[in-house]
1. Starting from segment 188-206, keep only residues that are farther than 12 Å from residue 146 by Cβ and touching a residue at least 12 places away in the same chain (Cβ under 8 Å), then list their pairs with residues that are among the charged types (D, E, K, R) and loosely packed, with under 14 Cβ neighbours inside 10 Å whose Cβ atoms are within a distance under 8 Å, requiring at least 6 positions of separation or different chains.
2. Does segment 137-151 contain any residue that is part of a strand (DSSP E or B), basic (Lys, Arg) and in contact (Cβ under 8 Å) with a residue 60 or more places away in the chain?
3. For segment 124-143, indicate whether the set of residues that are modelled with pLDDT of 95 or more, more than 20 Å from residue 68 (Cα to Cα) and over 17 Å from the mean Cα position of the chain (by Cα) is non-empty.
4. Quick one: residue 138 ticks every box in (1) closer than 16 Å to residue 111 by Cα; (2) in contact with a Phe, Trp or Tyr (Cβ under 7 Å, 6 or more places away or on another chain) bar one, so which box is it?
5. If you go through segment 153-163 one residue at a time, do you hit one that is farther than 17 Å from residue 99 by Cα and among the acidic types (Asp, Glu)?
6. Taking residue 52, is it out of contact with any Gly (no Cβ under 6 Å at 6 or more places or on another chain), surrounded by fewer than 17 Cβ atoms within 10 Å (Cβ to Cβ) and either at pLDDT 90 or above or outside any loop (DSSP other than H, G, I, E, B) (or both)?
7. Anything in segment 195-206 that is closer than 13 Å to residue 40 by Cβ and modelled with pLDDT under 85? List them, or say none.
8. When the residues of segment 153-194 are filtered to those that are assigned to a loop (DSSP other than H, G, I, E, B) and charged (D, E, K, R), which remaining residue is surrounded by the fewest Cβ atoms within 10 Å (Cβ to Cβ)?
Amino acid sequence: MRKMISLLWIFLLFPSITWAQDKIEAPVWNVGDKWTFTQGTVEVVGADDNSFTLNFSKDSGIFESKGFEKIAYDKSSLNRTYGFKEDQREKYTIAGRRMLNFPFSLGKEWNDTYSAKVLAEVPQKGQMVDASETFKVVGWDDVQVQAGNFKCIKLEYTQNNQTMAFSGKATYWYAPEVKYFVKCEYDTFYFRGAQHWQLVSFKLNK
């Protein structure tokens, strides 16, 4: 009888256990946390009650920096709130604002919209475009990069340029162990100038 009761409890608790494993909360970053990629470095340089501030190295080719030297992230979701250029702060309203949108769970999908000037020569530098973004958590992957092997959440990203009527995709792999993305692959025809990148090394402060 006691064995049957134990098995019943395991059966009842199993869905919640599985769910808990598949729900990833926002990581807690610490000043000094640093990730080195094949396309530059990203480092946590500030933290307060509400946000983290990350610095993107000047040689960073990571497309997601969007030309900002530093970017502020909301602590609860890690949505981007502000960008900094030469210590001038401006509200973050362009692509990738909700690239990190915790908590993550399998099948979670979200959207965003923005307007921005084209920075590349193609299709036309300086032109204002309207765009939408779709993000979707599609599953777990075992990923091998220069920094090692990691269990990762796979995130698919689609950007739709509504002004030009075309779209492009990128795939990101986020590792809870690393507290950041470890790999990205772009549709380089759409994301002109972007290069695939992966994690080379990382340091996490406690």
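The values are calculated or read from the model by the stated rules, or taken from the named source; none is laboratory data. All values reported here derive from a predicted model rather than from experimental measurement. All Cβ positions, glycine included, derive from the backbone under ideal geometry; neighbour counts span all protein chains shown.
1. Going by the 8 Å Cβ cut-off, there are no qualifying pairs.
2. Scanning segment 137-151 turns up no residue that is part of a strand (DSSP E or B), basic (Lys, Arg) and in contact (Cβ under 8 Å) with a residue 60 or more places away in the chain.
3. Yes, that holds for at least one residue.
4. (2)
5. no
6. no
7. Correct list: 195 only.
8. Step by step, filter segment 153-194, then rank; the result is 177.
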